[in-house]
1. Can you tell me the 0 to 90 degree angle between the C-alpha axis of helix 181-196 and the longest principal axis of the chain, rounded to 10?
2. Report for the chain the percent antiparallel among DSSP-assigned beta bridges with both residues inside it, nearest 5.
3. If the only charges are +1 at each Lys and Arg Cβ and -1 at each Asp and Glu Cβ, what is the size of the charge dipole of the chain around the Cα centre, to the nearest 20 debye?
4. May I ask which residue of Gln69, Gln241, Tyr29 lies farthest towards the positive end of the charge dipole of the chain, with charges of +1 (Lys, Arg) and -1 (Asp, Glu) on Cβ and the Cα centre as origin?
5. Using only alpha carbon positions, build the gyration tensor of the chain, then give the equivalent ellipsoid semi-axes as the square roots of 5 times its eigenvalues, largest first, whole angstrom.
6. Between Arg139 and Ser86, how many nm apart are label points set 7 Å from Cα along the C-beta direction?
7. When the Karplus curve 6.51 cos²θ - 1.76 cosθ + 1.60 is applied with θ = phi - 60°, which whole-Hz ³J(HN,Hα) does each residue of the range 38-52 get, with x for Gly and Pro?
8. Per residue of the chain, what 222 nm ellipticity follows from adding -39500 (n - 2.57) for every DSSP H run with n ≥ 4, rounded to the nearest 500?
Amino acid sequence: ASTLGAQAAQSGRYFGTAVAANKLGDSTYSSLLNREFNQVTAENEMKWQTVEPSRGSFNFGPGDRIANQATSHGQRLRGHTMVWHSQLPGWVGSIGDANTLRSVMNNHIAQLANRYKGRIHSWDVVNEAFADGGSGGRRATVFQNVLGDGYIETAFRTARTADPAAKLCYNDYSIEDWNAAKTQGVYRMVRDFKSRGVPIDCVGFQAHFGAGGPPSTFRTTLSNFAALGVDVQITELDIAQAGTGAYANAVRACLDVARCNGITVWGIRDSDSWRSGENPLLFDRNGAKKPAYNSVLTTMGGT
Ligand code: G3I
């Protein structure tokens, strides 16, 4: 096939992108989106700050625009994200009482799940809950500090009850290298969840890489997580300077693992990227295909 989504579909995978609702009116952007991609992730529109800026007052307008885009173009939708310490409104961060925070978190999850039920393929239920560096432990967020280790399990159970059909994922960055302590920490959590029947279906590897691309152990990492009984996905791929070899290596790591069922790049054109100074994406500022685009397409077997 001659597009990313169609070629990925030939092996039962999807190829997606992060989408910003305020760019959908840009015709260069939307024509690339609808030509090349068969999955979308809301870049910011389903985050807590946007969805529930004050307690109990929900704003689904921006998220709905992403969901409508996906539905009307037959693109899978990944919800991003229910529980995250960043882009979290101040009112949540200042809750110090565990019962209050637990009910606020559970209500937030249930509201999101209900709103997009039937339209969501997968949810990033919890994002970036592990600490950077060598500890392999949890990040000290308000959820961790007030609710303790059990909050992630609570979040997944609440999400499953609210939308039993959605795939429930844990998503993080810098967990691509099998030898990293952070990777091991997440692995132990997923193994524990699977052994105790905590509902988790997938793990997202963000894959924000430097110019060298993925670590050499990336395929091993994907395959070891998959062996626990979860699907794995590359969820936010971008690579500084977008080298063709680096992109090919990232794509190949996924193709080599049967349960790696999708790849999402974190934006369409370099100008759409959160790290636009590094030109990390597959299309240039004018929307033209870069060499990395051809590398990704041909690595998947397309022409
Ligand atoms: O919408 C406001 C606008 O009203 C305001 O004038 C402007 C001024 O700064 O800010 C706008 O909000 C920005 C928002 O993106 C929308 O463009 C925020 O400042 C900015 O911080 C925010 O950045 C997002 C970032 O997450 C926040 O942490 C990026 O777009 C988004 O790509 C990025 O995505 C994250 C994933 O969710 C999780 N993994 C890492 C990834 C990259 O950081």
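The values are calculated or read from the model by the stated rules, or taken from the named source; none is laboratory data. Only a predicted model underlies this, so the values are computations on that prediction, with no experimental measurement involved. Cβ: placed from backbone, ideal geometry, glycine included. Neighbour counts: every protein chain shown. Areas reflect the complete protein model, heavy atoms only, side chains present, ligands, DNA and RNA absent. Shrake-Rupley method; radii C 1.70, N 1.55, O 1.52, S 1.80 Å.
1. In the chain, helix 181-196 runs at an angle near 60 degrees to the longest axis.
2. Rounded to the nearest five, the antiparallel share is 10 percent.
3. The calculation lands at about 540 debye.
4. Going by the charge dipole, the pick is Gln69.
5. Working: eigenvalues 173, 102, 59 Å².
Sorted largest first and rounded, they come to 29, 23, 17 Å.
6. Simple spin-label model gives 0.7 nm for this pair.
7. 10, 8, 9, 10, 5, 5, 9, 6, 10, 7, 3, 4, 7, 7, 9
8. Details: 12 runs with 119 residues, N = 303.
Calculated mean residue ellipticity at 222 nm is -11500 deg cm²/dmol.
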